[in-house]
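Asks: Let me begin by handing over the structure; questions about it come next.
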Amino acid sequence: MEHILLISGSLSAPAHTKALIEETAANFNKLGCKTTIWDLSARPLPFADPKYHNFPSDNPNPVVKEFVRVASEADAFVLGSPNYHNSYSGVLKNALDILNMDLFRDKPVGLVGNGGGIRSTQPLDHLRIVVRGLLGVAIPMQVASCNNDIELKEDSYVIVSDDLSQRIAAFSRQLLLYSKKLKFEG
């Protein structure tokens, strides 16, 4: 069973990005995967401490230890971010700075983001570069949404666009396929 770590890089509550992450996780669950959602608004991380860059699991902070443990157990990742000044959020960058290449090496990474009033891929393009720097494999498909794809229902956002839901389903299948193909027998 594949384990997917999905990181929601928005501090908004409710958050469009979290709606993308939750729908993606639901798709992985339907495909028989184990999922862990790390919502950076609900479980904030301290600033990355460069003393632990080479060995992030040595960080004494219990929240960081748990985050690093979950990342080390993941077979694949999904990174989600709102569009902040044509890039991804600082809290997501900080979370990635806490981790290191050993946790991403040869693992597939899917990218999802909400652009607000427009569908913007710029945050996802920037994340692609970071994933490459972490030695992860950013999959070809990505999911970019805008506010019209998502509606507020009670106190959380939900996806209302059938096209977006279909894209998330195809994206989830592609990430799972990459995860299985990139596994190496030791």
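The values are calculated or read from the model by the stated rules, or taken from the named source; none is laboratory data. Here the structure is a predicted model, which is why all the values come from computation and not from measurement. Neighbour counts are summed over all protein chains in view; Cβ atoms, including those assigned to glycine, are modelled from backbone coordinates with ideal geometry. We work out accessible area using only protein heavy atoms, side chains counted, and drop any ligands, DNA or RNA first. Shrake-Rupley method; radii C 1.70, N 1.55, O 1.52, S 1.80 Å.
Asks: Do any of Lys30/Lys183; Lys153/Lys180; Lys34/Lys65; Lys34/Lys183; Lys34/Lys181 go past 26 Å between their Cα atoms, and which?
Replies: Cα-Cα > 26 Å for Lys153/Lys180; rest within.
Asks: A further question on this structure: If the viscosity is 1.002 mPa s and the temperature 20 °C, what Stokes-Einstein diffusion coefficient in µm²/s follows for the chain when Rh is the Kirkwood radius over Cα pairs?
Replies: 131
Asks: Another question, if that's okay. Over region 95-186, with the other protein chains present, what is the accessible area per residue in square angstrom, probe 1.4 angstrom?
Replies: Value for region 95-186: 52 Å² per residue.
Asks: With +1 on each Lys and Arg Cβ and -1 on each Asp and Glu Cβ, and nothing else charged, work out how big the dipole of the chain is about its Cα centre, in Debye to the nearest 20.
Replies: Magnitude of the dipole: close to 420 debye.
Asks: What is the dipole size for region 19-96, taken about its Cα centre, with +1 at each Lys and Arg Cβ and -1 at each Asp and Glu Cβ, in debye to the nearest 20?
Replies: That gives region 19-96 a dipole magnitude of about 60 debye.
Asks: Here's another thing I want to ask about it. What's the longest bit of the chain with no exposed chymotrypsin sites (Phe, Trp or Tyr not before Pro), using DSSP loop states and at most 14 other Cβ atoms within 10 Å as the test?
Replies: Longest site-free region, per DSSP loop and neighbour criteria: 48-183.
Asks: Another question about this same structure. What shape does region 140-186 have by the C-alpha gyration tensor, where a ≥ b ≥ c are the square roots of the eigenvalues, rounded means a/c under 1.5, and otherwise prolate means a/b greater than b/c and oblate the rest?
Replies: Prolate is the answer for region 140-186, as a/c is 1.5 or above and a/b outweighs b/c.
Asks: Largest first and to the nearest Å, give the Cα extent of region 92-186 along each principal axis.
Replies: Ordered largest first, region 92-186 gives principal extents of 47, 28, 24 Å.
Asks: Taking all protein chains in place and a 1.4 Å probe, what share, in percent, of the accessible surface of region 23-103 do carbon and sulfur account for?
Replies: The value for region 23-103 is 55 percent carbon and sulfur by accessible area.
Asks: Residues in region 7-30 near a label at Lys180, defined as backbone nitrogen under 19 Å from the 7 Å Cα→Cβ point?
Replies: 25-30
Asks: When the chain is fully extended, how far beyond the present Cα-Cα distance does Val70 get from Met101, taking 0.36 nm per residue of separation?
Replies: Fully extending the segment from Val70 to Met101 adds 9.7 nm.
Asks: Report the percentage of all Cα-Cα pairs in region 39-110 whose separation exceeds 21 Å, rounded to a whole percent.
Replies: 23
Asks: Mind running the shape call on region 1-79? Use the C-alpha gyration tensor, a ≥ b ≥ c as the square roots of the eigenvalues: rounded below 1.5 for a/c, prolate if a/b tops b/c, oblate otherwise.
Replies: Oblate.
Asks: Report the gain in length on full extension from Asn94 to Leu152: 0.36 nm times residue separation, minus Cα-Cα distance, nm rounded to one decimal.
Replies: Gain in length upon complete extension: 18.1 nm.
Asks: If you count only protein heavy atoms and use a 1.4 Å probe, how large is the accessible surface of Cys33, to the nearest 10 Å²?
Replies: The value for Cys33 is about 10 Å².
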